[in-house]
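So the structure is just underneath, and the comments pick up after that.
Throughout, read-outs are computed from the coordinates displayed, never taken from laboratory work. Because the structure is a prediction, the values reported are computed rather than measured. Because the Cβ atoms are built from the backbone with ideal geometry, glycine has one as well, and the counts that use them run over all protein chains shown.
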Amino acid sequence: MEDQRKPLATKNGEGNSRLPMFASKLRPPSTVKRPRSPEEKQDNKRRCLDYSEKTVETRARKSSETSKVTSTGNGKTVSNGTFTRQRSETSLNRSTISNTSLRSSNSGSSLRANNVRPKANTAVVKPTTKAASSTNNRPPPARGAQGTVRLATSKTSSANKPPAGNGGGGGKKRPAWDLKGRLEDMEAKLEKQTNNREGLMNQMETQNQRIQSLESMNHQLSGTVSIKENIVSQASEEITDLKRKLRQEEDKRDEVQRGLQREISDMTFLKETLSRQNESLQSDLNARRVEVDGLKASVAQLTSAQAGMGAELENTKLQLQQAVTSNKTKDAEIERLRNLLENRDREIEEQNCQIRSHETERRKLHNQIQELKGNIRVFCRVRPLLGDETLGNDGIISHMNFPDQEQRIIELDKHGDATLNESCLTRKGGNNAQSKYEFGFDKVFSDHTSQQQVFEEISQLVQSALDGYNVCIFAYGQTGSGKTYTMEGTSVNDVDNRGMIPRAVLQIFDSTRELESKGWKYSLDASFLEIYNETIHDLLGDEDLKHDIKMSGQKNSNEVFVTNLTIVPVTKEEMVYQLLQKASKNRSVGETKCNERSSRSHSVFTLKLTGENSITGETSQGTLNLVDLAGSERLKESGSEGQRMKETLAINKSLSNLGNVIMAIGNKDNHIPYRNSKLTYLLQNSLGGNSKTLMFVNVSPKEECFQETLNSLRFATKVNQCNIGTAQQKR
Ligand SMILES: Nc1ncnc2c1ncn2[C@@H]1O[C@H](COP(=O)(O)OP(=O)(O)OP(=O)(O)O)[C@@H](O)[C@H]1O
């Protein structure tokens, strides 16, 4: 039976590509091969056709059922059921085919010859639920086919059995002469062979059908697998989708959970806060209760006190009424005082107006006094003996006298010098050995006069500069007579020894501050130069530039100015002091180049004062020139030569020209030789009828300087005798 089952082959004897293992095992032995008759081939074809039709039918039904299942969406249960039913149908078909084969093999060739298709096939192919449930997914073994072979074999064996006694199957050999017997044996054998062959053919058909059935099943299973795979892939997609949804839901849940957590913590915090507030309120309440208790006690006290206060209030009301009456009286008094105050204010304002007009009047009177005093005034100053000069005379200047109380006369006594007799103003006694010279000036300051006392005499002149006059103060005298000391002093920091320049500056600033209340506002510009050997040097400049004296050339102005000169606006006295220190430093630098230069040069400090009265509308423009002239000693007295002689000649020229100018002004000459020297050219506007001029004639207390002192005093007397006209204010 095993051998009969194995040699199965496909219709054309080749292995099925979809079942290689199975097909190779089922390949039939070559001995079984025989040529098929056309009828057999036709029959086989028909069977295969039937089977294919059924398979197609089955597949179509399965497909529709599957699609139905899919469309119902009822998941896997329905699908599995369909699959199970398909299998049971397939197995039924198979068993039907097997039965058909059995019948056809039993019915022999009549069936094939008639080409009748057994109707039982269609009747048998009916799937039942029982059959479906009883079958499993594996293809059932072709028991029917096997049964068919077994039957065929048993039939064949009975058919092939040689009839008893004919020796065909009993191994008894017929004698050679028994040709008929042998022929019969041969025919029996042939028939047997024919029967065997047919059985084998049937077997082969059956096996072929089985192969086809298996192939069909395999095909169906492949379809089922792909459907399953589709289902699985759909299911996995669904799972993925569900997982994604699940994740989203989980995320949402987590988010909600976190939100709730936060809310919980917020609520917890709120709860704690409220709890604390509650505690605080509770303690506050307790405190309030205590306070209320205290207040209740206070109210009780106050209530009792109120009664007393009521009486007191009545009393106070009475007092208030009295006070109101008194206030009315006081209001009337205040009103009266207010009127009085307003009257006083008006009076003060009127007085201020009067003060301002008085100030203007004062200026006029001051000017008139200055005019009466003379336009060029000369003050004589004698310096004290210093250092070694005091030795042997106890500091007393024996040859000088200051006889009058008014301090206007200086007397010089010369012992034993007849050559001076010519110019003596007085001669006392008949002794030629002693001569007296008397000089009278606007003021004579003895050697004991302090800087402050000297300044008091010139302060009015300084004031004139504020009033709009050109003021010029010279210091004339021989070297070492005290010119620089008088004009500048020793140091601006040495208050007692401050000279006329710092004191004038201080007064001017004090006056400008005072005059501010009267509506005056001043701007002050300072410059400082020196004329050495007829060359101008800027003492406030940082570099050595060339300077020339020029006229502004403007109509009605004829202002004199120096080119490249440093002009510094000053707003307070300290600024001027700094400028004086700078000038002193610059001068000392010059002195290293030329010995005793300060003695051999003229220095000119100029302060321009421009004022404006915002109340009266008045303006003023004054100039204050403070000049420290070079030493006036005569050439023959100085005994100088070379550079020194040149300097002395220049000094003498400029000083004698100064005298000439003053004389020419006094004589009212047509031509005033201002341009003969730099000094007079520079000061021409401060030396004419438009200015107020003061000359200090400084004299040395040393007796050996007697002649130079006499010369200086004579020069000063000449100047003092000049009437240079009435000064005019620049308004
Ligand atoms: N009134 C005075 N009281 C005290 N010391 C004075 C007085 N006058 C001058 N001196 C002193 O005398 C010395 C000479 O004075 P000062 O230098 O002022 O003379 P000068 O005429 O300016 O000389 P020069 O022409 O060389 O500049 C200085 O030491 C100065 O301090």
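Could you run the Karplus curve 6.51 cos²θ - 1.76 cosθ + 1.60 with θ = phi - 60° over segment 173-189 and give me ³J(HN,Hα) per residue in whole Hz, x for Gly and Pro?
Each residue of segment 173-189 in turn: 7, 6, x, 4, 6, 7, 5, 5, x, 5, 5, 5, 4, 4, 5, 4, 5 Hz.
Which of the GluC sites (Glu not before Pro) found in segment 274-353 are loop residues per DSSP with 11 or fewer other Cβ atoms within 10 Å of their Cβ? Write down the numbers at each step before the final one.
On the way: sites: Glu279, Glu291, Glu312, Glu314, Glu333, Glu335, Glu342, Glu347, Glu349, Glu350; in loops: none.
Within segment 274-353, no GluC sites (Glu not before Pro) qualify (loop, at most 11 other Cβ atoms within 10 Å).
At a Förster distance of 45 Å, what's the computed FRET efficiency of Lys646 paired with Ile567, Cβ-Cβ distance as r, to 0.05? Kindly include the intermediate steps, with their values, before the conclusion.
Details: r = 31 Å, r/R0 = 0.68.
Once rounded, the FRET efficiency stands at 0.90.
Provide the net charge surrounding Thr563, with neighbours chosen by a C-beta distance below 11 Å and charges set as Lys +1, Arg +1, Asp -1, Glu -1. If you can, show how the numbers build up before the last one.
Working: positive: Lys546, Lys550; negative: Asp538, Asp548.
Here the count lands on 0.
In nanometres, what is the gap between the two model label sites at Gln368 and Glu314, each 7 Å from Cα along Cα-to-Cβ?
8.1 nm
Could you give the nm distance between label points at Asp413 and Asn493, where each point is 7 Å from its Cα heading toward the beta carbon?
So the label points at Asp413 and Asn493 sit 4.3 nm apart.
Modelled label-to-label distance, Thr535 and Asp669, 7 Å Cα→beta-carbon offset: nm?
Each label point is offset 7 Å from its Cα along the Cβ direction, giving 2.9 nm.
Give, in nm to one decimal, the length gained when the segment between Asp331 and Gln277 is fully stretched (0.36 nm per residue of separation minus the Cα-Cα distance).
On the way: separation 54, 0.36 × 54 = 19.44 nm, distance 5.91 nm.
Residue separation times 0.36 nm, minus the Cα-Cα distance, leaves 13.5 nm.
So if each residue of separation counts as 0.36 nm, and I subtract the Cα-Cα distance between Lys521 and Ile239, what length gain in nm does that give?
On the way: separation 282, 0.36 × 282 = 101.52 nm, distance 10.41 nm.
Contour length minus the Cα-Cα distance gives 91.1 nm.
Between His448 and Met186, 0.36 nm times their residue separation minus their Cα-Cα distance comes to what?
That pair, His448 and Met186, stretches by 74.4 nm at full extension.
Take Leu386, project a point 7 Å from its Cα along the Cβ direction, then tell me which residues of segment 681-714 have their backbone nitrogen under 13 Å from it.
699-702
Which whole-Hz ³J(HN,Hα) couplings does segment 670-685 yield from phi under the Karplus relation 6.51 cos²θ - 1.76 cosθ + 1.60, θ = phi - 60°, glycine and proline marked x?
In residue order, the calculated couplings are 5, 10, 9, x, 4, 7, 6, 8, 4, 5, 5, 4, 5, 9, 4, 7 Hz.
Amide H neighbours of Val699 under 5 Å, counting only residues 5+ apart in sequence or on other chains, H built in-plane at 1.01 Å?
So Val699 has HN proximity to Arg381, Val382, Arg383.
Which percentage, to the nearest 5, of the DSSP beta bridges contained in segment 374-720 is antiparallel? All intermediate terms of the calculation are to be shown ahead of the outcome.
Values: 44 of 68 bridges.
Bridges in segment 374-720 that DSSP calls antiparallel: roughly 65 percent.
So which of Lys550/Lys646; Lys364/Lys582; Lys572/Lys678; Lys608/Lys702; Lys585/Lys608; Lys443/Lys521 end up more than 28 Å apart, counting from Cα to Cα? Show your work: numbers first, answer last.
Numbers: Lys550/Lys646 26 Å; Lys364/Lys582 37 Å; Lys572/Lys678 30 Å; Lys608/Lys702 37 Å; Lys585/Lys608 23 Å; Lys443/Lys521 33 Å.
Beyond 28 Å: Lys364/Lys582; Lys572/Lys678; Lys608/Lys702; Lys443/Lys521.
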